[in-house]
Amino acid sequence: MGETGSSRWQRKKDARPSEILDAALTLFVEKGYLATKMEDIARAAGVTKGTPYLYFQNKEEIFKAVVRETIVARVHAMSAQLAQLHGIGSSELLFLALEDWWTHIGSTRAAGLCKLMAAEATNFPDLTRFYYEEAILPARQLLGHIIQRGMDSGEFRPVHLDYAIDALTAPMMMTMILSHSFALVPGCCDSLKDNPLEFLKTSLRLTLQGMHQPAPQDARP
């Protein structure tokens, strides 16, 4: 039997929150949080001006939903996937985490949210706290767990955990911010634009060189 008009309408209605969030993500990244209006989101999503309010209380709730549907969901999925991997070194886990992050966050529109927060953090402290607690902190905890695992196994030498996390995340944050700012200007950040993932892998290799436990010296006669 063919699909009825009511079922087609219901299917379209069920898809509207995702369409609204997708439109909002694009606008937040292109215009920033402050400059994006609810009516802009509705127009970009192809719905009436009042439709977003049927699903979200206000723009702040839309922003939170965007972050949760993109960055937060991926970090939790990544944590679950990496927890199932056994018998591999912590260095390899860090490379797998980097590649997963790049595929699902760093190379996508969601990366622009980092630049947005860096630019508007002090104007919206409540949103900044939300972003830190739900997006940044779980990612730092994931990396911290891998680093601690490496120290416990003897693969990594003892290091200051927070400093090591900062060293790992700084290139990732820089890539997200620059790719949505300076890298959009011809002639700027060309090395980053050519192969950003290779830049990130090189940064990780350099950091790991400082973290690896030095091999024991052969005893001399």
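Could you please let me know if His86 is modelled with pLDDT under 95 and either outside any helix (DSSP H, G or I) or closer than 22 Å to Ala164 by Cα (or both)? So His86 fits the description; yes. Going through (1) in contact with an Asp or Glu (Cβ under 8 Å, 6 or more places away or on another chain); (2) over 23 Å from Gln81 (Cα atoms) one by one, Lys193 falls short only on (1).
Only a single criterion out of (1) surrounded by 18 or more Cβ atoms within 10 Å (Cβ to Cβ); (2) outside any helix (DSSP H, G or I) is not satisfied by Leu116, namely (2).
The number of residues in region 91-109 that are under 17 Å from Arg205 (Cα atoms), out of contact with any Leu (no Cβ under 7 Å at 6 or more places or on another chain) and surrounded by fewer than 17 Cβ atoms within 10 Å (Cβ to Cβ) comes to 2. Could you check, for region 36-50, whether at least one of its residues is exposed (fewer than 15 other Cβ atoms within 10 Å of the Cβ), modelled with pLDDT of 95 or more and in a loop (DSSP other than H, G, I, E, B)? Yes - at least one qualifying residue is present in region 36-50.
The values are calculated or read from the model by the stated rules, or taken from the named source; none is laboratory data. Since this is a predicted model, take the numbers as computed values, not measurements. A quick note on method: Cβ atoms are made from the backbone with ideal geometry, for glycine too, and the neighbour counts reach across all protein chains shown.
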